[in-house]
Structures are given as C-alpha cells and as structure tokens.
Amino acid sequence: MTIKTPYLTLLTLCFTVLLSCNSSTKTAPIPQTSVNSSTNTSAGTYTSKMTKSDKKKYYTSDGQVAYEIKYKADGFKLRTAASTLLWKVKLYDTKVKISNNEENLNPYEIKITDTYAAKLVKDDTVLARTGYDLELKQQSVTATTASQPDFIETSYSPSLLLQTISEISDDQKQILIQELQSKGY
C-alpha cells in the first residue's frame, strides 16, 4: 500500500496535534541567551498550557497570562495576553517568514540554504547567517554587523537566527525559537 505525500503530511500533522493536546500543562522556561530549558529570562520563567487545540498560553510565575500562541495549519501567531498580534510566523518547506502584521508585509525570512546552513533576510538584504560544525557539534550564528560569530553548543536549529533581530524582545525571541524548534526549524 502506497501513502501519497499529502496524506502522510496530514497524518503527521494530526499526530502532532494529538500529542500536543495530550500534554495539557508543561513547564517551558524561556531563556534569555540560549534555548536551554532550565535557564530563566530577565522577565522570569514562563509556563505554557494548551488552552484549546489551537491555542497555547504562556504564564508568568504569578499566574498571569503574558503571551499566547494561536496555531494555524501553515504557521502560528505570537500575541499579547489581550490577543493583539506581535508576530506572525508562516512556515514553508525551505523558509520561514516572520512579520509584525497580518498581511505578512516586509517580513524577516529565514531561508534554509543547505542541510546545516541558513540565512536571515529582510528586503533582499542578508542580516545573518548560521552554520553547523558536525565535528564540534556547534552552531555558529553571525550577524552581518558582527565582527565574529556567536557559537552555540546545541543541535542545529535555523530558528536561532532570530537572536540577531533587535526588533523582537528577548522573551518573545525565545518563545518564537521554542515554537519553531518544535516544528523542526
């Protein structure tokens, strides 16, 4: 029996949704400079909880909603506690678009250029690049304005390019990175 690619993708998506719904509450610390889940941000530790099948809320240590994620089939939105859009993320096979508007105008784009290489682009200008050294198990992220790269000892994740976007606050960056990593970016 042969399963066609669209059906396999649909089955994978359904399975992912079921798994995420199964864990109703999980602690998700949002680190300031790395994606190590045991590190806190300057804003503190957030916990996350799926409140609906398509919505996750991030709570402060005193139980207040700080952010929410609204999932769509082709991406997700990071919103304030009052549901105001902060960042819209659209997912494609070889790129990710991140914008601060519903129309996805003037987005930042993470373009995957190779198995272990990607670049961050805005308005056809490369802002940063990332690569991975398999021997050292180390990822480098280099902003075009930086004199030398930042090295991160982790598994490869093109989403770490978001660390170079000054327009996004640190805690929002880490939520976006965590969400993108959960989607395989």
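The values are calculated or read from the model by the stated rules, or taken from the named source; none is laboratory data. On a predicted model such as this, the values are computed, not experimentally measured, just so you know. Neighbour counts run over all protein chains shown; Cβ positions are idealised from the backbone, glycine included. Side chains are part of the model used for accessible areas, which takes the heavy atoms of the whole protein and leaves out ligands, DNA and RNA. Shrake-Rupley method; radii C 1.70, N 1.55, O 1.52, S 1.80 Å.
A protection proxy built from the mean count of other Cβ atoms within 10 Å ranks the segments 172-181, 151-160, most packed first, as 172-181, 151-160. Ligands, DNA and RNA aside, residue 70 has an accessible area near 40 Å² when probed at 1.4 Å. With 27 Å as the limit, the listed pairs 88/119; 55/173; 49/90; 57/119 have 57/119 beyond it between alpha carbons. If the segment from residue 135 to residue 49 were pulled out straight at 0.36 nm per residue, it would be longer than the present Cα-Cα gap by 27.3 nm.
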